[in-house]
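Nothing in this text is a laboratory measurement; each read-out follows from the coordinates by a stated rule. Model, not experiment: these values are computed from the prediction. Methodologically, a virtual Cβ is constructed for each residue, glycine included, from the backbone with ideal geometry; neighbour enumeration extends over all protein chains shown.
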Amino acid sequence: MTAGSGVIPPRIEAVDEQPVSARKLKAQMRAQDAKTKLSSPFASGVAIVLAILWSIPTLGLFITSFRPVADLRDTGWWMWFTNFHVTLDNYQGALSSSNGGLASFFLNTFVITLPAVIIPISLALLAAYAFAWIPFKGRNILFVAVFALQIVPIQVTLIPLQTIFVNLNLQNSFWPVWISHTIFGLPLAIFLLHNFMTEIPRSIIEAARVDGAGHVKIFFVVLMPLLIPAIAAFGIFQFLWVWNDLLVALVFAPSPNLKPLTAAVAELSGTKGTQWELLSSGAFISIIVPLVVFLSLQRYFVRGLLAGGVKG
Amino acid sequence: MSPTSIGEKLLIMVVAILIFVAIVGLILWAIDRPKIPNWVVVFGFLGPVTIALAGGLLYPAVGTVVRSFQKIENVLGPDGKRILVSGKVTTKNVFGLDNYSRIFSEEGFQRVLLNTVAWVVLVPLLATSFGLAYAVLVDRTRFEKAAKALVFLPMAISMVGASIIWKFVYDFRQAGTTQTGLANQILTWLGLDPIQFLQADPWNTFFLIIVMVWIQAGFAMTVLSAAIKAVPDDIIEAAQLDGATGMKLFTKVTVPSIRPSVVVVLTTIAMGSLKAFDVVRTMTGGNFNTSVVANEFYTQTFRQGDAGQGIGAALAVILFIIIIPVIMYNVRQMRLSEEMR
């Protein structure tokens, strides 16, 4: 359909009840036309087919994890539709301690993730507030320096950090993982929160100051409620990053006592031999929590992504 | 210091969080009084972060750069033999470019560098093209949200998880037997022989790259979709009035309007694929000539003992050096796109 072809698109519904001049109507139609132009059934069809294709690998893993061992060893998951058997044995096997016990690694992941999300947020809130609302000499230079630190790849810091942790005698605790995730997350957290903070109108802050509010009161009463979306955006980033991380975990939490799910599942994959049943259920156990978090908080995640919060 | 039981672990977690919340509270309490000099306030707010970043990022980075020029050599006595002190070989650190020259001259490392280039070029190009095409296709269709969520979903999956998902897809059984991997089953249905996707050098690197594209395409789509929606309607209308339709409208109007976003997406994905080692490590362990710099860094540093540390440091520095121009370009484009807003 070309612009202004004179055919009223079926979707037009914004026609006012008052009489509208012909010229106005035409302009409205044109606007509507441009909006609906691409929504052809063909495009919808192709888009949906592609989305389904994109999901097939994940669906395959999901189905595999519920198939009996004998079935999944000899036939592909698509045979499940004709040879329908469902079992939870694989999950039991992967979680129980006789097979490496992913349940305990799940706990480790949880224990690693929660502080590794909360600590950088609390520290970054302080820093972002100072960068946004406390004038001092060298503020811009310091902020640019913090921003620039985002480019330091984690790999560059690992060995010296490890030496520091060993010297502090921390190597058998969760502290190395918490601290390193905090450090790696800080530049992005400060950058994101600072961006959101500076968008808050100066007049609001100044009004509070005139009323006699100090930094702390401004911080908690005025800024915090406005910052919830930004905190949520970074929180989801950091959550996904920490929960899904492999490198930091391998280096700083190598003992079975500290090891998170990702490292355990990766190990399962390396030494798996023929244990496809444990690998499929184990992988799904490690995936499910981030998937749920992501699906329920997608809105904040996308917003953070678009605010330039992209972890390289 | 080392927690073992469930209760201990949870307790220590809560304590850790409380410690930091208390630190923040203490700082706020200490500086929240009149007539405190400004520098104390600034130090209170910025001190913890500055210490963390200087000690945890800056100092280690400098240390690694220094170490990348070091090589451990055995100290030789006057007789030209190694010196043993209480059963241990005496060694010394030698400064030089040895680590770097090894990386650039040895065939194994050259292959690693070549693979890395393939990753850094192909992943962003493929993921961004697909993301852009999909963003245009899905724009203003029915079920737009659901379709986008499905393509975006792999972003939430860990790279380890994604690798395992694709290990199932690439699974190989001898020709003639029942295939359990979808990819080889499709080949069989088409009457072709099954392929050992993860071992068929040099194509196996390409098959690993596909996994990364699968992960990253959703990111490209989301950012570009938002950019497309932000193109003002009147620009599109004006172009349409001038007779631009379909492909022409896309290449001449839409793409130029979202160019800064495209560049940011390309560079971001390039950096991501440069640093990611999870896919290679989980799927092939770097075997069959699939290793990349990030994976080789890990192997050399943590699997080769002291001898590998210098090489590992040099590899990390190489990562760093490749990233710098990409980021600088990225920042410039971000500025441009902000100015356009």
- To the nearest Å, what is the center-to-center distance of region A:100-115 and region A:49-69, using C-alpha atoms only? 25 Å
- Item | Hydrodynamic radius by Kirkwood, which averages 1/r over all alpha carbon pairs of the protein assembly as shown, in angstrom | 27.4 Å
- Item | Charged-residue dipole, Cβ positions (Lys, Arg, Asp, Glu), region B:240-341 about Cα centre, Debye nearest 20 | 260 debye
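Against the empirical 2.2 N^0.38 Å scaling, what ratio does the C-alpha Rg of region B:256-312 come to? Kindly include the intermediate steps, with their values, before the conclusion.
Values: Rg = 15.5 Å, N = 57, 2.2 N^0.38 = 10.2 Å.
Normalised by 2.2 N^0.38 Å, the Cα Rg of region B:256-312 equals 1.52.
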- Query: Semi-axes of the equivalent ellipsoid of region B:63-134: what are they in whole Å, largest first, if each equals the square root of 5 times a C-alpha gyration tensor eigenvalue?
  - Reply: 45, 12, 10
- Exposure proxy order (Cβ contacts within 10 Å, fewest to most) of B:186, A:183: B:186, A:183
- Item | Computed log₁₀ I(q)/I(0) - Debye formula, equal Cα scatterers, no solvent, region B:1-83, q 0.15, 0.17, 0.21 Å⁻¹ | -0.83, -0.91, -1.01
- Task: Taking the Cα centre of region B:117-268 as origin, work out the dipole magnitude from +1 charges on Lys and Arg Cβ and -1 charges on Asp and Glu Cβ, in debye rounded to 20.
- Result: 180 debye
- DSSP H segments from chain B that extend 20 Å or more along their own axis, Cα-based, with Kyte-Doolittle mean of 0.0 or above: B:6-31, B:38-53, B:107-138, B:203-230, B:259-275, B:305-340
- Apply the Kirkwood formula to region B:105-241: the hydrodynamic radius equals the inverse of the mean of 1/r over all pairs of different alpha-carbon atoms; give it in Å with one decimal. 17.5 Å
- Output for region A:47-151: trypsin sites (Lys or Arg not before Pro) sitting in coil per DSSP, at most 11 other Cβ within 10 Å, listed by number, reads A:137
- Task: Select from region B:1-98 those trypsin sites (Lys or Arg not before Pro) which occupy a DSSP coil region and have at most 10 other Cβ atoms within 10 Å, ordered by residue number.
- Result: B:35, B:81
- Under the Kirkwood approximation for Rh and a Cα-based Rg, what ratio Rg/Rh is obtained for region A:239-291? 0.97
- Task: Go through A:90, A:106, B:182 and say which Cα lies farthest out towards the positive end of the charge dipole of the protein assembly as shown; charges sit on Cβ, +1 for Lys and Arg, -1 for Asp and Glu.
- Result: A:106
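At most 16 other Cβ atoms within 10 Å and a DSSP loop assignment: could you name the trypsin sites (Lys or Arg not before Pro) in region A:212-312 that fit?
Values: sites: A:217, A:272, A:299, A:303, A:311; in loops: A:272, A:311.
Loop-located and lightly packed - A:272.
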- Note on the structure: Of the residues B:114, A:63, A:142, the Cα lying farthest along the dipole of the protein assembly as shown towards its positive end, which is defined by charges on the beta carbon of Lys, Arg, Asp and Glu, belongs to A:142
- Using the Cα centre as the reference, give the magnitude of the dipole from point charges on the C-beta atoms of the protein assembly as shown (Lys, Arg: +1; Asp, Glu: -1; all else neutral), rounded to the nearest 20 debye. 1020 debye
- Task: Holding the Cα-Cα limit at 29 Å, pick out from A:259/B:167; B:71/B:275; B:9/B:148; B:92/B:275; A:137/B:35 the pairs that are longer than that.
- Result: B:9/B:148; B:92/B:275
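Give the shape of region A:126-255 as rounded, prolate or oblate, defined through the alpha-carbon gyration tensor: a ≥ b ≥ c are the square roots of its eigenvalues, a/c under 1.5 means rounded, and otherwise the shape is prolate if a/b is larger than b/c and oblate if not. Please report the intermediate quantities before stating the final value.
Details: a/c = 2.47, a/b = 2.15, b/c = 1.15.
Cα axes put region A:126-255 in the prolate bin.
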- What's log10 of I(q)/I(0) for region A:195-267 at q = 0.19, 0.24 Å⁻¹, Debye sum over Cα points only, no solvent? -0.76, -1.01
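Going by C-beta contacts inside 10 Å, put A:237, B:43, A:105 in order with the fewest on the left. The partial results should precede the final answer.
Details: A:237 22, B:43 16, A:105 25.
Listed from fewest to most nearby Cβ atoms, that is B:43, A:237, A:105.
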- Note on the structure: Inverse of <1/r> over all distinct C-alpha pairs of region B:25-169, i.e. the Kirkwood Rh in Å, gives 22.8 Å
- Query: How big is region A:117-193 on each of its three principal axes, counting only the C-alpha atoms and giving the largest first in Å?
  - Reply: 41, 24, 19
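Determine how many Å³ per residue the convex hull of the Cα atoms of region A:88-144 encloses.
For region A:88-144, the hull spanned by Cα atoms encloses 107 Å³ per residue.
Could you line up A:85, A:181 from fewest to most neighbouring Cβ atoms inside 10 Å? Please report the intermediate quantities before stating the final value.
Values: A:85 11, A:181 25.
With the fewest neighbours first, A:85, A:181 line up as A:85, A:181.
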- Item | Gap separating the Cα centres of region B:1-53 and region B:117-177, nearest whole Å | 41 Å
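Against the globular-protein guess of 2.2 N^0.38 Å, express the Cα radius of gyration of chain B as a ratio, rounded to two decimals. Display every interim value, and only then the final one.
Working: Rg = 26.5 Å, N = 341, 2.2 N^0.38 = 20.2 Å.
Normalised Cα radius of gyration, chain B: 1.31.
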- Item | Distant-in-sequence amide H partners of residue B:180 (H built 1.01 Å from N, under 5 Å) | B:173
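Distances over 17 Å make up what percent of all Cα-Cα pairs in region B:227-323?
Distances greater than 17 Å cover 65 percent of the Cα pairs.
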- Task: May I ask you to work out the translational diffusion coefficient for region B:8-49 at 4 °C, viscosity 1.567 mPa s, via Stokes-Einstein with Rh from the Kirkwood sum over Cα pairs, reported in whole µm²/s?
- Result: 112 µm²/s
